[in-house]
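Working notes, structure below.
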Amino acid sequence: MTTKEITPEFEFKTLTKLFFLFGFGIMSWVPRFPDFKDRLGLTNGQFGSILSLGNVGAFVALLTVGHIVHKIGSHKALIASTYSLYLGFFAVANVSSNLIFIPAVILVGFSISAFHIAVNSQAFDSQTRATTPIIVKLHGVWALGAVITGLVSGLLIGRVSASMQLNVIYLLVLALNITYINKLRPIALLPQKEDDHYSVKRMITSIRFDRLIAGGMVCAIFLEIAMGDWSNIFGREYLNIEGGLITLPYILFMSALIVGRFSISKILQRVSINRAANIGAVTGGTFFLLGIAASILFGKTHKYWAFARFSLGSLVAGLGMSFITPSFFNAASARSPLPNSVVIGQVGLINNSLLFIAKWVIAWTAQFTSLAVAFLIPALMAIAIPLFSKALLSGDAKGQASD
């Protein structure tokens, strides 16, 4: 297929498939975290600490892959990161030794960030060429993939082993990913002439800590990460909910995330992006806080009522937080003169460092107190987003967030 045959519509549809598969593939193991934790014989603190080591791999990727995409182009970066990602996932799905599980988690963390940088760089390039805002919608498609994989796991938990389920998913997603990446090859970002401005050394020395972007993004994304890491374990261990029902809060959270991201244009017809973020963050964070409070107060005596309140809080939190993270990505791009691949890497590098600390805090808070107390942390961080939302009005960020 030649460049001329690749229309903006075809490019968008192909990117949509890649983002869907990205969400479906990397979130498929999340509902199975209780199985991994039991298989490895780990406590909450130990398991959370091992998961946080994925941030070590992500740190390396965020430091280097923006430069690599600039040097070799997005096609090769997407292909390489896809193969390394599913190599790591196949290892994670089939081992029972911590000595193998830990480096596999680090490889997965590296590869997720590498693919994230490469595919978002391609998406930003598409958005620039087509002058059509697509980033928030593509992140909505990613969330759709995450929801569907959660539904699949909910149906299979207790019926099919985690290894069998994940091996089938990983083989399928790997094959489809490579197919769609190759379809984009004619319009993939080309390698750029190497210069010192985009060298790794220059990337490090040119990093500017943007307090508004870094603070807003880490507060926005941490609730999503905490839900992925801990919501199923919370349902099973704290509230003693059995079977696939434990996936309900996560599915509701991610479903609401999809609705919010696809509805962003309608939202912005009524209120500004920063005001919408303020309302969504405070409302979502407060409802999630109330769901956790209900779990603490009534979890032992009325566990299903408490679980229903936690599920409702997850739903409202997902809707309120839905568009905030991708909107901060747009704002980061608008506030920087650097190429998008470099901006994504630099912003991710800062946020990854902050998230690494936050993951350890929540893991060991859960270990020494309870998961319910640990969940208060991302809820309070969400409520703090108005302190940073002014950044969403920077440059073209508002226009990029709308449709």
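Before moving on, here are some points about what is shown:
- Pairwise FRET efficiency - Lys303 versus Leu99, Cβ, R0 = 45 Å, nearest 0.05: 0.75
- Average Cα contact separation per residue, region 235-376, under 8 Å, 6 or more apart, as relative contact order %: 30 percent
- Within the accessible surface of the chain, defined with a 1.4 Å probe on protein heavy atoms only, the carbon and sulfur portion equals 66 percent.
- With the helix formula -39500 (n - 2.57) applied to DSSP H stretches of n ≥ 4, the chain reaches a computed 222 nm mean residue ellipticity of -25500 deg cm²/dmol.
- Solvent-accessible surface of the chain, taken per residue with a 1.4 Å probe and all protein chains present: 40 Å².
- Fully extended contour minus Cα-Cα distance, from Ala384 to Trp360, at 0.36 nm per residue: 6.7 nm
- Each Lys and Arg contributes +1 and each Asp and Glu -1, all at the Cβ; summed about the Cα centre of region 206-288, the dipole is approximately 500 debye.
- Among the listed options (i) 5, 19, 25, 22, 16, 9, 3, 0; (ii) 5, 24, 35, 26, 9, 1, 0; (iii) 5, 22, 32, 25, 12, 3, 1, 0, the one matching P(r) over Cα pairs in 10 Å bins from 0, in percent as calculated from these coordinates is (ii).
- The mean sequence distance of close C-alpha pairs (under 8 Å, at least 6 residues apart), as a share of the length of the chain, puts its relative contact order at 27 percent.
- Paired Rg and Dmax values of region 1-67, which use every Cα atom, in angstrom: 18.3, 55
- Rounded to the nearest 20 debye, the dipole magnitude of the chain is 360 debye, with +1 charges on Lys and Arg beta carbons, -1 on Asp and Glu beta carbons, and the Cα centre as origin.
- Simple rule: put +1 on each Lys or Arg Cβ and -1 on each Asp or Glu Cβ in the chain, find the dipole, and look at Leu155, Leu53, Phe388; the Cα lying farthest toward the positive end is Phe388.
- Only Lys, Arg (+1) and Asp, Glu (-1) charged, at Cβ; region 1-146 dipole about Cα centre in debye: 80 debye
- Highest to lowest packing among 360-373, 71-84, scored as the average C-beta count within 10 Å: 71-84, 360-373
- The protection proxy used here, the mean number of other Cβ atoms lying within 10 Å of each residue, ranks peptides 168-175, 222-229 as follows, highest first: 222-229, 168-175.
- Mean Cβ neighbour count within 10 Å, used as a protection proxy, ranking 136-146, 151-161 highest first: 136-146, 151-161
- Counted as membrane-span-like here are DSSP H helices of the chain whose alpha-carbon atoms extend 24 Å or more along the helix's own axis and whose Kyte-Doolittle mean is -0.5 or above; these are 8-26, 54-72, 74-94, 98-130, 135-156, 162-183, 211-233, 273-298, 303-321, 340-368.
- Paramagnetic reach from Arg129 in region 1-44 [backbone N under 17 Å; point 7 Å along Cα→Cβ]: 1-19
- For region 65-180, the relative contact order is 33 percent, taking Cα pairs closer than 8 Å that sit 6 or more residues apart in sequence and dividing their mean separation by the residue count.
- Cα lying deepest toward the dipole's positive end in the chain, options Leu99, Pro378, Gly66, charges on Cβ: Pro378
The values are calculated or read from the model by the stated rules, or taken from the named source; none is laboratory data. All values reported here derive from a predicted model rather than from experimental measurement. No Cβ is skipped: glycine too gets one built from the backbone with ideal geometry, and neighbour counts run over all protein chains shown. Just so you know, the surface numbers come from the protein's heavy atoms only, side chains and all, with ligands and any DNA or RNA stripped out. Shrake-Rupley method; radii C 1.70, N 1.55, O 1.52, S 1.80 Å.
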